[in-house]
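Novice: Provided herewith is a single structure, encoded as structure tokens, for subsequent inquiry.
The values are calculated or read from the model by the stated rules, or taken from the named source; none is laboratory data. Note that the structure is predicted; figures quoted are calculated from it, not measured. Cβ: placed from backbone, ideal geometry, glycine included. Neighbour counts: every protein chain shown.
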Amino acid sequence: MGRIGGFLSVSLGDKFRLLSSTILLPAVSVGIGFLSFSRVRALLLWAAAVGRPLIPGTPTPGRIVWTVEVADDHLPGDRTCLVRSLTGEMLLCLYDFHPEHRIGVVKDADGTVEAHSWLEHEERILIGELDDLTRYEPLPSLDGDAR
């Protein structure tokens, strides 16, 4: 089944979430290029809070993440873990799920610092799973003690 056939075969809610992911992934990529991470995240979380009462449906967190992954796989170019996790966080919050957005860092032997962004919800990694995720030292929560 091709892309169009696959799209037509999913539920109306999944179609909405796939289209939303397809729009948000590149928009977040551009936003990160012009605004700070904290500003982009604040705007996305604000939009989720405003839109929450208007969006029907009760998808599972896994189903929401699936739409982000499918859209990311079908869009040209590569997006960072930060863009994927911000997109996923916004869509999850839109449906009243509140994942923990984690950022971790590791310093390699040569002094290079590497960072990774992921989402956790109910002790499960939803976006950003890596085989070697434990090598990243998580930074303090982005929300302080709010969650």
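Novice: If I103 passes every condition in (1) surrounded by fewer than 18 Cβ atoms within 10 Å (Cβ to Cβ); (2) of a type in the set (A, V, I, L, M); (3) over 20 Å from I23 (Cα atoms) but one, which one does it miss?
Specialist: (1)
Novice: Counting just the residues of segment 106-147 that are among the polar types (S, T, N, Q) and at pLDDT below 95, which one comes out surrounded by the most Cβ atoms within 10 Å (Cβ to Cβ)?
Specialist: Of everything passing the filter in segment 106-147, S141 is surrounded by the most Cβ atoms within 10 Å (Cβ to Cβ).
Yes/no matrix, rows are residues, columns are (1) of a type in the set (D, E, K, R); (2) part of a loop (DSSP other than H, G, I, E, B):
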{"residue": "R84", "(1), (2)": "yes, no"}
{"residue": "L91", "(1), (2)": "no, no"}
{"residue": "R102", "(1), (2)": "yes, no"}
{"residue": "L130", "(1), (2)": "no, yes"}
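Novice: Which numbered condition in (1) surrounded by fewer than 18 Cβ atoms within 10 Å (Cβ to Cβ); (2) among the β-branched types (V, I, T); (3) out of contact with any strand residue (DSSP E or B) (no Cβ under 9 Å at 6 or more places or on another chain); (4) farther than 21 Å from S11 by Cβ is the only one that V28 fails?
Specialist: It is condition (1) that V28 fails.
Novice: While we're here: Which ones in segment 54-70 are crowded, with 20+ Cβ neighbours inside 10 Å and in contact with a Leu (Cβ under 6 Å, 6 or more places away or on another chain)?
Specialist: Of everything in segment 54-70, those that are crowded, with 20+ Cβ neighbours inside 10 Å and in contact with a Leu (Cβ under 6 Å, 6 or more places away or on another chain) turn out to be I64, V65, T67.
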